[in-house]
Amino acid sequence: MAELALKHTPRCAALLFDIDGVLINSTQAVARVWRRWAIEHGFNPDEVVSRAHGRPSLTTVCEFLPKADHEAENREVERREMEDLEGVVPLPGALELLAILPVGRWTIVTSSTRPLAEVRLRAAGLPVPKRMITATDVIHGKPHPEPYLKAAGILGFRALECIVVEDVPAGIKSGKAAGARVIAFTTTVLSSSLREAGADWILRNCADIRLLDASGDLQLALTEVVAQELT
């Protein structure tokens, strides 16, 4: 197998970022919390962790405990996630990319609540945008298009003018359903799953995104690394 670097230079009005697996690495912290929760309730930890990725925690709680006090359970999960910040760090290129993007031309779209999102961003040393879309701002979470439609709207753009940056199929499907193009990172799942979900470009992380021009639309330079069969 050999690697081929493909160069793309798309333009967009704004970038809409997921947090976990896109801007920060909180995978181990998230897994610790959900594994502990799963064991306490007698569920398979691997199954719970897998289904919790990229979705509102309340959705996972409701699926596994349909007859429980969902709000109380969810508050407990969130409390644990806010306390467990060990290993929460920025992913490669995230700090540098956010530092050069113009204010008002990017925001965050996360399945976390606002308090949890802010805690993790600050723990990783990343800026907190004035306006972002969190689990408490939508009725329908990812993979529904509502999160990305609202995110584009708060910046004053249409979703089809924006590029979404995601790492899991639920987020990719949300962005595509909203009409946006989607960059997907191979930080959480296999590239084949990202492509199957509809990703337009598959990159490694934010280090593969450069800003070429911001005088009008944002012009980006994307480096997509793909595996090629040797012949």
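The values are calculated or read from the model by the stated rules, or taken from the named source; none is laboratory data. The model shown is predicted, which means the values in this text are computed figures rather than measured ones. Ideal geometry is used to build each Cβ from the backbone, glycine not excepted, and the neighbour counts take in all protein chains shown. Surface accessibility is based on the protein's heavy atoms, side chains included, excluding ligands, DNA and RNA. Shrake-Rupley method; radii C 1.70, N 1.55, O 1.52, S 1.80 Å.
Which residues, taken from region 174-231, are free of Cβ contacts under 8 Å to residues at least 40 places away in the same chain, among the β-branched types (V, I, T) and loosely packed, with under 14 Cβ neighbours inside 10 Å?
Residue satisfying the conditions is T231 alone.
Which count do you get for residues in region 79-109 that are under 30 Å from G216 (Cα atoms) and either over 16 Å from the mean Cα position of the chain (by Cα) or at pLDDT below 95 (or both)?
Number of matching residues: 8.
Considering region 88-121 alone, what residues qualify as being open to solvent by 30 Å² or more (accessible area, probe 1.4 Å), out of contact with any strand residue (DSSP E or B) (no Cβ under 7 Å at 6 or more places or on another chain) and closer than 20 Å to A31 by Cα?
R114, P115, E118, V119
List, please: which pairs have Cβ atoms under 9 Å, are six or more places apart or on different chains, and start with a residue in region 101-130 that is on the phi > 0 side of the Ramachandran plot and touching a residue at least 12 places away in the same chain (Cβ under 8 Å) and end with one that is open to solvent by 40 Å² or more (accessible area, probe 1.4 Å) and in a strand (DSSP E or B)?
Within 9 Å, the pairs are G125/V89; G125/P90.
Considering every residue within region 69-78, establish whether at least one is outside any loop (DSSP other than H, G, I, E, B), among the basic types (K, R), open to solvent by 60 Å² or more (accessible area, probe 1.4 Å) and at pLDDT 90 or above.
no
Report every pair of residues separated by at least 6 positions or lying on different chains whose Cβ atoms are under 8 Å apart, first residue within region 22-45 and free of Cβ contacts under 8 Å to residues at least 40 places away in the same chain and open to solvent by 10 Å² or more (accessible area, probe 1.4 Å), second aromatic (F, W, Y) and assigned to a helix (DSSP H, G or I).
The qualifying pairs are H41/F64; F43/F64; P45/W34.
Specify the residue that is surrounded by the fewest Cβ atoms within 10 Å (Cβ to Cβ); the eligible residues are those in region 1-21 that are in contact with a helix residue (DSSP H, G or I) (Cβ under 6 Å, 6 or more places away or on another chain) and more than 16 Å from T188 (Cα to Cα).
Among them, the one singled out is A13.
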